[in-house]
1. Looking only at residues in the stretch B:214-232 that are in a strand (DSSP E or B) and in contact (Cβ under 8 Å) with a residue 24 or more places away in the chain, which one is nearest to residue B:61 (Cα to Cα)?
2. Which one of C:175, C:166, C:209, C:230 is within 11 Å of chain A (Cβ to nearest Cβ) and under 17 Å from the mean Cα position of the chain (by Cα)?
3. Among the residues of the stretch A:237-249 satisfying the criterion of being touching a residue at least 24 places away in the same chain (Cβ under 8 Å) and in contact with a Leu (Cβ under 8 Å, 6 or more places away or on another chain), which is nearest to the other protein chains (Cβ to nearest Cβ)?
4. Among the listed residues A:82, A:103, A:99, which satisfies the condition of being within 8 Å of another protein chain (Cβ to nearest Cβ), closer than 22 Å to residue A:135 by Cβ and either surrounded by 17 or more Cβ atoms within 10 Å (Cβ to Cβ) or aromatic (Phe, Trp, Tyr) (or both)?
5. Looking at B:100, B:75, B:85, can you tell me which residue is surrounded by fewer than 17 Cβ atoms within 10 Å (Cβ to Cβ) and assigned by TED's automatic domain parsing to the domain that holds residue B:60?
6. Among (1) assigned to a loop (DSSP other than H, G, I, E, B); (2) β-branched (Val, Ile, Thr); (3) touching a helix residue (DSSP H, G or I) at 6+ places or on another chain (Cβ under 6 Å), where does residue C:115 come up short?
7. Just one of (1) more than 10 Å from chain C (Cβ to nearest Cβ); (2) out of contact with any Phe, Trp or Tyr (no Cβ under 6 Å at 6 or more places or on another chain) trips up residue A:114, so point out which.
8. Note down all Cβ pairs under 6 Å where the first residue falls in the stretch C:72-99 and is more than 20 Å from residue C:158 (Cα to Cα), the second is of a type outside the set (Ser, Thr, Tyr) and in a helix (DSSP H, G or I), and they're at least six residues apart or on different chains.
Amino acid sequence: MRFQKWLVTTLYILFLLLPIYWLVSMSFKTTNEILGVFSLWPIEFTLDNYRKIFTDPTWYNGYINSLIYVVINTVISVSVALPAAYAFSRYRFLGDKHLFFWLLTNRMAPPAVFALPFFQLYSATGLFDTHIAVALAHCLFNIPLAVWILEGFMSGVPKELDETAYLDGYSFWRFFIRIFIPTIAAGIGVAMFFCFMYSWVELLLAKTLTSVDAKPIAATMTRTASTSGYELGLLAAAGTLTIIPGAFVIYFVRNYIAKGFALGRV
Amino acid sequence: MARIELKNIRHSYPAAKGEDQVWALEEVNQVWEDGGAYALLGPSGCGKTTLLNIISGLLTPTEGSVLFDDKNMTQVATIDRHIAQVFQFPVVYDTMTVYQNLAFPLRNRGMNHSDIEPRVKEIAEMLDLTESLYNRAAGLTADGKQKISLGRGLVRPDVNVIMFDEPLTVIDPHLKWQLRSKLKQLHQQVGTTMIYVTHDQTEALTFAETVVVMYEGRVVQVGTPVELFEEPKHTFVGHFIGSPGMNLLPCENVDRKAHCLGSALGIAEKNETQSEQFQVGVRPEFVYFDEVGIPVNLNKVDDLGRYKVAEVETHGHVIKMIVDEGEDIPGENPRICFDLDHTRLYRDGWMVETEEVMP
Amino acid sequence: MNKISNQRAWWLVVPVVVLVAFNALIPLMTVVNYSVQETFGNNLFFWHGVGWFEQVLTSERFHASLFRQLAFTGMILIIEVPLGIAVALCMPRKGPWVSVCLVLMALPLLIPWNVVGAMWNIFALPDIGLLGRMINGLGIDYNFTQQPVAAWSTTVLMDVWHWTSLVVLLTYAGLCSIPDAYYQAARIDGASSWSVFRFIQLPKLKRVLTIAVLLRFMDSFMIYTEPFVLTGGGPGNTTTFLSIDLVKIALGQFDLGPAAAMSLIYFLVVLLVCWVFYTAMMRNEEQ
């Protein structure tokens, strides 16, 4: 029984790692080797693909652009979601349930539906091709998500904490920042993880709202794939590099993932 | 039905890195006679639950053996030990009805449908669950759920022992008393051995015929409630049982006489030893005011209705005493005496035998 | 928890409402606006009523892509949910391997979606891909760029690869929150491991599984980037799901009216299914 369990887990992880391995190994191959011979690991090991990415500004700017809007989005989403989640978890007010459901419906809106109107909206406001445009657009689905996760965590904090603090003479904001936020630090971590994740992996809106100055790395990749023919090694190297930030983030939150899923009702 | 014997049981949980091995159970030798009603009493972390899990087979002891009717069961799986257990938090199978819950252990053992039904109904009747027999178990209150957990043990005809791990923790205070008397009544009805784990002395003393007191991984005393009260074998028992607990005072051995609070007590250790340091233990019930006693200062008096608890002080030691409702408390220069029949001497925590001597 | 009635709590919600409304309401209005008008270019618009809606709802193209979408979503749910539960049940519950498993399993979730598509493209290509070579090596003729069946299975496999871990993580978190006493009681009652699953684990997982199904339904219904990069919707239209079709109409053909009408219908379908699911879940919880 124990062996079977072990086997299932291992096979599943192998299945997950196989395509990633292929991508990584391809990123160290030359174009000739990729197209010419079928090899399980790089025969002519080369770092040329990576060298190209780190020296060509259109490539490395893509990374910087992606990271900038992802970070801006994460900060905006979590900081506005915090007070809202507090309101939903502690108070009853006019239309609270409808508002909450409305927020969640935006999590359900297919980005494809919004692509064109977003383009027009952000062009009209003069924000087109800026990092802030993508960061704001991603708020559409990240804010509802952050509110949802944080509300779950906050409901787990006893109300007595608030009441005691108010009795001790804390003002609302002082209590919120000094006491409440540290209390739900784990929840904020989980919310930030999910905001980071969804903003990092989304492409449709990011591509629609940028052309040159704020172009995300993922969009640079699609261009390369379609225009310059089969530069597969370069594509694979760029793809490999996009996995790294995600891997970093998971590593740091690994102990919270399971807990966050259970408590945060994601 | 079986007599359960624990022989030289020791247990330690795997130690974390860089920590020394800690014994959760130091060394336990204990016999549970068939059909007894036992309470396992002790503070949190004394090893009660560990001991319970060793009997049920959820844990295998690091050392020692578990015998059921002299048969070694140490390595036998839980299911083959024929034991039942009620946990601290009610465990019911949410999706099943009360009936299905009670029938579950029988069905798992391959019993016939026709045999299950009368058995389940009989037990449901005993536990006053007949009315809700076909309701979803998830909808019941905490005490109802605990009854189901108990019922799943009672339905099985082959149960050797039913164990309760602080079963009343989540029950409303006014229902606790009801459920406890129900348990006692059930024990008389079915006659199965029951072991009741608790840290609450009232629960232990009212339920059990025999109370096993545990402290820091070992059994310190086994006895009837009266024995625990009158002759605590260990200072922990004296202190833990009784409200307020036993008064413990330092005492010196001078010329084979116990000297305490500046005067000789009139008792001494029976078997002479070299040691000079003792503790005197006397319950608040056995301290009384007397004109020829030790002079004390009266600190305060709490009136608890049927009796009063007086707190007096002398030589820097506080002594509590119970004064009956009718008795007076001297206003000036109070003096106290100990009832020597109920005064015990302890060396290194353990009681020593005493004899009366002329002061 | 009983909450205090406090209308001033609205002030705490205002920033969220403003930001989301800016992103949701204005574009939605634009879509509604387009959906009822006809244009011949040069910013000239005419009232068209519900014409586009009728056209979309009766068009075979929409039916086909809606059907493909439903089939796809159904298929991935049927595979991912049981597989995810199975893997979660097999994962170690404590020890150093837990973190390793969690990190490795979460990896696919954090890869940009078009990289997922591209990765699977080069993984499955029959000439240079490991998977393509392996399947052809087994004597099966496989080329997902030309065979509809192969394209479908590759897309489904990619989605399974990409998202099963989400179900695993949710289920795993649910499993970890079941108190030990339940397992101990089951051992004492002599329950088989199937009974433990059926009567303890599954009932306790109901909530997280509902969330998992809901999330997987929503996300798979919106899927665009991965299949677009992998197959481009082809061969032919065999993997053209709703979003891909929508973008083709809106940006490819610039038929704004029908695209807008289709967007709204699409959105409403997602909303309706989620609402039905959500209310059913809530009613179940109240019982």
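1. Within the stretch B:214-232, the first condition is being in a strand (DSSP E or B), and the residues that meet it are B:214-215, B:218-223.
Still in the running and in contact (Cβ under 8 Å) with a residue 24 or more places away in the chain: B:214-215, B:218-219, B:222.
Working: B:214: 17, B:215: 18, B:218: 14, B:219: 16, B:222: 21 Å.
Ranking the qualifying residues of the stretch B:214-232, first place goes to B:218.
2. On the way: C:175 fails: under 17 Å from the mean Cα position of the chain (by Cα); C:209 fails: within 11 Å of chain A (Cβ to nearest Cβ); C:230 fails: within 11 Å of chain A (Cβ to nearest Cβ).
Among C:175, C:166, C:209, C:230, only C:166 is within 11 Å of chain A (Cβ to nearest Cβ) and under 17 Å from the mean Cα position of the chain (by Cα).
3. Let us first name the residues in the stretch A:237-249 that are touching a residue at least 24 places away in the same chain (Cβ under 8 Å), namely A:237-243, A:245-246, A:249.
Remaining after also requiring in contact with a Leu (Cβ under 8 Å, 6 or more places away or on another chain): A:239-240, A:243, A:245-246, A:249.
Values: A:239: 4, A:240: 9, A:243: 5, A:245: 8, A:246: 3, A:249: 7 Å.
Once the filter is applied, the top-ranked residue is A:246.
4. Numbers: A:82 fails: within 8 Å of another protein chain (Cβ to nearest Cβ); A:99 fails: closer than 22 Å to residue A:135 by Cβ.
Sole residue among the options that is within 8 Å of another protein chain (Cβ to nearest Cβ), closer than 22 Å to residue A:135 by Cβ and either surrounded by 17 or more Cβ atoms within 10 Å (Cβ to Cβ) or aromatic (Phe, Trp, Tyr) (or both): A:103.
5. Working: B:100 fails: surrounded by fewer than 17 Cβ atoms within 10 Å (Cβ to Cβ); B:85 fails: surrounded by fewer than 17 Cβ atoms within 10 Å (Cβ to Cβ).
After applying the criteria, what remains is B:75.
6. Looking at each condition in turn, residue C:115 falls short on (1).
7. For residue A:114, the failing item is (1).
8. C:90/A:5; C:90/A:8; C:91/C:101; C:92/C:98; C:99/A:254
The values are calculated or read from the model by the stated rules, or taken from the named source; none is laboratory data. In this text, all values refer to a predicted model and were calculated from it rather than measured experimentally. We place every Cβ from the backbone using ideal geometry, glycine too, and count neighbours over all the protein chains shown.
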